[in-house]
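Encoded as structure tokens, the structure appears first; notes follow it.
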Amino acid sequence: MRLKFFLLALLISLIYYKPIYAQGDNNIKWFNPQANSYATLKGKVWQNVDSVNYYARLPTGSEKDVRKEVWDLAKNTAGEYIDFSTTGQKIVVKYLLKGGKSLDNMPTLGVSGVDLYAEDNYGNWHWMKAAYSYRDTVTYSYANFDQNVKIKKFRLYLPLYNTPKWLKIGVGVNDQFAVEEANDKTPLVFYGTSIMQGASASRPGMAWLNILGRKLGLPVINLGFSGNGRLETPLIDLMNQTDAKLFVLDCQPNLHDKKVYPAEEIEKRITASVQSLKTKHPNTPILLVEHSSGLTNVNLDTELTGRYIWTSQILYKTYQKLKQSGVKDLYVLTAKEIGFTDNSTIDGTHPNDFGMMQYADAYEKSIRKILMDRK
């Protein structure tokens, strides 16, 4: 009898009283990029429409062409973002993740978090602090916007090392909300390693390629694959599908094992990659990048540093050979120009936030010069 009375009381409470979070959701209208009539996910070359691979950085169907490790990492949303505007004074982001929330060398916020920035009317970017909750559904809430800052648009960066099963952005039901179409032309296309994918930034907006995109005001494409940036033909073939403004090859951090990649093999891969890109895009500049930690002052592990310096030297010699053979619009970014010190990394390899800023600054200087030289 008591059980029946309890169940009846519970049923009545559910009918007449809504939980607080449901009331909040009822006052919010939601935007789901997958359900939109036009593409809104930026930082991508290929706009996959199927729900399984919607967030993948490589096109549906390329799974058969690349190694499984590359395909699995391609499903991470590194470098992807959504640009939108709203009159709302509160923004909520909810999403469900497919992978684990953290890694040994990265915090949860960097691996699985989103990151919101606002661009003002003068082109300055401002970071937005969030209240967040990591449960089955991850929730980020943004409020208390500075009314003295005239916001032109918001940019929501997606996780660096994880994949959303679904994601939605919410604002008040009476607030205006508009999302920019993802139709960027002639992006800068970058192919690289874990450093490019975002290890070990504290949060997505601090990954150097995301910083660089804000600095340059140009679309950038992140084809960084942790431990798997190896200048492989299938990736170069995919890059060749893009009408890029600039191609960047920053794979030396994964080409330093002398037993697996002897000097001849590294030179062969660099040469083949450059020649392939130049065959399809003869007028598009290519930037080759040395290992960022290939400097003696980064750490005292001479064995590790020695391998990084060695692979950088091979890249530079190959660069010189290609230039001498007549390859035009070929450039190099050296470790010295990147300028890492013993304060730049978490482990002698992967940049911390300070190193990410150094990386982005060096890239900005180099790319601006390359693009200026072509005017």
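Read-outs: derived from the displayed coordinates by stated rules, not from any lab. Predicted, not measured: the structure shown is a model, and the values here were computed from it. Please note: Cβ atoms are built from the backbone with ideal geometry, for glycine as well, and neighbour counts cover all protein chains shown.
Using the structure shown, list the pairs from LYS94/LYS129; LYS259/LYS336; LYS44/LYS245; LYS215/LYS317; LYS68/LYS168; LYS42/LYS168 with a Cα-Cα distance above 19 Å, or answer none.
Details: LYS94/LYS129 16 Å; LYS259/LYS336 26 Å; LYS44/LYS245 15 Å; LYS215/LYS317 30 Å; LYS68/LYS168 29 Å; LYS42/LYS168 15 Å.
Among LYS94/LYS129; LYS259/LYS336; LYS44/LYS245; LYS215/LYS317; LYS68/LYS168; LYS42/LYS168, the Cα-Cα distance tops 19 Å for LYS259/LYS336; LYS215/LYS317; LYS68/LYS168.
Cut-off under 12 Å on the C-alpha distance; same-chain residues fewer than 8 positions from LYS321 excluded. Which aspartates and glutamates are left, in chain and number order?
Reachable aspartates and glutamates: GLU267.
Quick check: from the Cα gyration tensor, does the stretch 188-373 come out rounded (a/c under 1.5), prolate or oblate?
Working: a/c = 1.59, a/b = 1.15, b/c = 1.39.
Verdict is oblate for the stretch 188-373.
Determine the gain in length on full extension of the stretch VAL173-TRP127; use 0.36 nm per residue of separation and subtract their C-alpha separation, reporting nm with one decimal.
Working: separation 46, 0.36 × 46 = 16.56 nm, distance 2.46 nm.
That pair, VAL173 and TRP127, stretches by 14.1 nm at full extension.
For the chain, build the charge dipole from Cβ charges (+1 Lys, Arg; -1 Asp, Glu) around the Cα centre, then report which of ALA244, SER141, TRP310 sits farthest towards its positive end.
Projecting each Cα onto the dipole axis, the largest value belongs to SER141.
Can you give the percent of C-alpha pairs in the stretch 114-233 whose distance is more than 17 Å?
Tail of the P(r) past 17 Å holds 65 percent of the pairs.
With runs of 4+ DSSP H residues as the only contributors, calculate the mean residue ellipticity of the chain at 222 nm using -39,500 (n - 2.57) per run, divided by the residue total and rounded to the nearest 500.
Values: 11 runs with 120 residues, N = 375.
The per-residue figure over the chain is -9500 deg cm²/dmol.
Expected output is a single nm value to one decimal: the length gained when fully extending between LEU216 and ASN283, i.e. 0.36 nm times separation in residues minus the C-alpha distance. What is it? Walk me through the intermediate numbers first.
On the way: separation 67, 0.36 × 67 = 24.12 nm, distance 2.09 nm.
Gain on stretching LEU216 to ASN283: 22.0 nm.
Let me know the whole percent of all Cα-Cα pairs from the chain that are separated by more than 35 Å.
Numbers: 20116 of 70125 pairs.
The answer is 29 percent, as a whole percent.
What would the Debye formula give as log10 I(q)/I(0) at q = 0.11, 0.19, 0.24, 0.26 Å⁻¹ for the alpha-carbon point model of the stretch 170-256, no solvent?
Normalising to I(0) and taking log10 leaves -0.39, -0.90, -1.20, -1.29.
In the stretch 270-325, how does Rg compare with the Kirkwood Rh, expressed as the Rg/Rh ratio over alpha carbon atoms?
On the way: Rg = 14.0 Å, Rh = 12.6 Å.
The Rg/Rh ratio comes out at 1.11.
Using a cut-off of under 19 Å, list every residue of the stretch 174-201 whose amide N is near the label point 7 Å from the Cα of ASP243 along the Cα-to-beta-carbon line.
Only 181-190 pass the distance filter.
At what distance in nm do the modelled label points of ASP257 and LYS369 sit from each other, each positioned 7 Å from its Cα along Cα→Cβ?
Label at ASP257, label at LYS369, 3.4 nm between them.
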